[in-house]
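The values are calculated or read from the model by the stated rules, or taken from the named source; none is laboratory data. On a predicted model such as this, the values are computed, not experimentally measured, just so you know. Quick reminder, even Gly has a Cβ in these numbers, built from the backbone with ideal geometry, and neighbours come from all protein chains shown. For the accessible areas, the whole protein counts, side chains as well, though only heavy atoms, and no ligand, DNA or RNA atoms are used. Shrake-Rupley method; radii C 1.70, N 1.55, O 1.52, S 1.80 Å.
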Amino acid sequence: MPPALTPVVFVHAIVTAFERRGLNPAHALAVAQIAPHLLADPASRITAVQMERVSGAAMQALDDEGLGWFSRRLPWGSYGMLARASISAPSLGVALQRWCRHHGLITDDIHLALEVAGPTATLSIQEHRELGVLREFCLVSVLRNIHGVACWLIDSRIPLQGAQFPFAAPAHHDVYSVLFSGATVFDAGPAGIRFDARYLALPLRRDEAALQLMLQRALPLTVLPYRRDRLLVQRVRQALSTHPLLTHSAERLATVLNVSPRTLHRQLKEEGASLQALKDEVRSARARDLLLRTARPVKQVAQAAGFQNEKSFIRAFSHWTGLTPTEFRRQGQALP
């Protein structure tokens, strides 16, 4: 059985939406096999599959894909319309810009925005009215959904650098590390998620047939895992270049990349790469550049290239080039 990690307070929010409409949530709860005693205990949790099922049943019963969050209903198919408007985009960045713009056409209670500052992209939510007791559920769900859409469009995991929310840490704050990769900060607004902006340039990998299949379910994006990270090789290269002294081991590198060592090795293998080969590539380029452009002693070059001692650097450099670092530097200086 999958672990029960989703806080039952999100189910209480769905029940509230039913109550506001004067409807009975019993069928939706039964579809997800959520027993009454779970609702009675505010500390209880349900599985992601149960959350998907109760959400899907509630959306159809209420005819509201917003589950009561907004001042007007989002009839069944609203988010499908947004997906159709985005799927013809040439890149993820354009698709997300369309999603944010068109989301404002179906509700003006919140405003979604995509911003890029240097290497970081941010998806944020501006609130234009009080969301009341459904606030947390709304903000979490909207961000989870758009993140899921983004991953689905490019068929790739998009690791988050962090998330923030404009409310105090709830009692179930521990689940946020599961809902959002990277660190989550509370009492910081507006609500938003951050990720590597390079994902925005990736082309979409979905067509109309894939969209039709995806839209047969209500919230498949919130629980569907994406094992592949199409930018992983680039991210590894950057981490090795930026943190040469912190990435001697796969464990340390995995920590920098916010993945497990096992996931790191598996995904690199799926991309036809290996950690050792990438290490050699980055270290070799760094060492050659320093040997030719600077007068640093070989020992300092070794350290800057990520080696723990000069002897291992000389051995590796000789294997890469057939020359010792000193011979390589001498030959480079002799060139016109």
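Calculate the spin-label point distance for Leu211 paired with Val178, positioning each point 7 Å from the Cα along the beta-carbon direction, and give it in nanometres.
Modelled inter-label distance: 3.3 nm.
What is the magnitude of the charge dipole of the chain about its Cα centre, with +1 placed on the Cβ of each Lys and Arg, -1 on the Cβ of each Asp and Glu, and no other charges, expressed in debye to the nearest 20?
Using only the charged Cβ atoms, the result is roughly 1460 debye.
Calculate the dipole size of the range 1-94 relative to its Cα centre from +1 charges on Lys and Arg beta carbons and -1 charges on Asp and Glu beta carbons; express the result in debye to the nearest 20.
For the range 1-94, the charge dipole is close to 140 debye.
Report the extension gain between Arg20 and Ala35 in nm, rounded to one decimal, defined as 0.36 nm multiplied by the number of residues separating them, less their alpha carbon distance.
Length gained, Arg20 through Ala35: 3.3 nm.
Using the crude model of +1 on Lys and Arg Cβ and -1 on Asp and Glu Cβ, and no other charge, please compute the dipole size for the range 258-305 relative to its Cα centre, in debye to 20.
Charge dipole, the range 258-305, about its Cα centre: 220 debye, nearest 20.
So what J values fall out for the range 274-291 if you push phi through Karplus, 6.51 cos²θ - 1.76 cosθ + 1.60 with θ = phi - 60°, rounded to Hz, Gly and Pro as x?
Using θ = phi - 60°, the values come out as 9, 5, 5, 5, 5, 4, 4, 4, 5, 5, 4, 5, 5, 5, 4, 4, 5, 5 Hz.
Can you give the extra length, in nm with one decimal, that the chain gains between Ala171 and Arg228 once fully stretched, where that is 0.36 nm per residue apart less the Cα-Cα distance?
Length difference between fully extended and current span is 17.3 nm.
Of all accessible surface on the range 1-154 at a 1.4 Å probe, what whole percent is carbon and sulfur?
For the range 1-154, the apolar C and S fraction of the accessible surface comes to 57 percent.
Would you mind computing Rg(Cα) / (2.2 N^0.38 Å) for the chain, counting N as its residues?
Working it through for the chain, the quotient is 1.23.
Less than 17 Å from a label point 7 Å out along the Cα-to-Cβ axis of Ala273: which backbone N atoms in the range 285-327 qualify, by residue?
285-286
For the range 6-94, what D do you get in µm² per second when you plug the Kirkwood radius from alpha-carbon pairs into Stokes-Einstein at 4 °C and 1.567 mPa s?
Once the numbers are plugged in, D ends up at 92 µm²/s.
Round to the nearest 0.05 the FRET efficiency obtained for Thr294 and Leu5 when R0 = 51 Å and r is the Cβ-Cβ distance.
For R0 = 51 Å, the calculated efficiency reads 0.50.
How fast does the range 235-279 diffuse by Stokes-Einstein, in µm²/s, taking the Kirkwood radius from C-alpha pairs at 37 °C and 0.692 mPa s?
Estimated via Stokes-Einstein, D reaches 320 µm²/s.
For the full complex of protein chains and a 1.4 angstrom probe, list Val116, Val11 by accessible area with the highest value first.
Val116, Val11
Whole angstrom only: what separates the Cα centroid of the range 91-110 from the Cα centroid of the range 16-58?
Centre-to-centre distance over Cα atoms comes out at 29 Å.
How large is the Kirkwood hydrodynamic radius of the range 54-204, in angstrom, based on all distinct alpha carbon pairs?
15.8 Å
For every helix of n ≥ 4 consecutive DSSP H residues, a contribution of -39,500 (n - 2.57) applies; sum these over the chain, divide by its total residues, and give [θ] at 222 nm rounded to the nearest 500 deg cm²/dmol.
It comes out at -15000 deg cm²/dmol, rounded to the nearest 500.
Farthest toward the dipole's positive end in the chain, which of Ala57, Gln276, Trp99, given Cβ charges of +1 (Lys, Arg) and -1 (Asp, Glu) about the Cα centre?
Value computed over the given set: Gln276.
Which value, in Å², gives the accessible area per residue of the range 1-108 when a 1.4 Å probe is used on the protein heavy atoms?
On a per-residue basis, the range 1-108 sits at 47 Å².
Relative to the longest principal Cα axis of the chain, at what angle does helix 310-321 sit, 0 to 90 degrees, rounded to 10?
90 degrees
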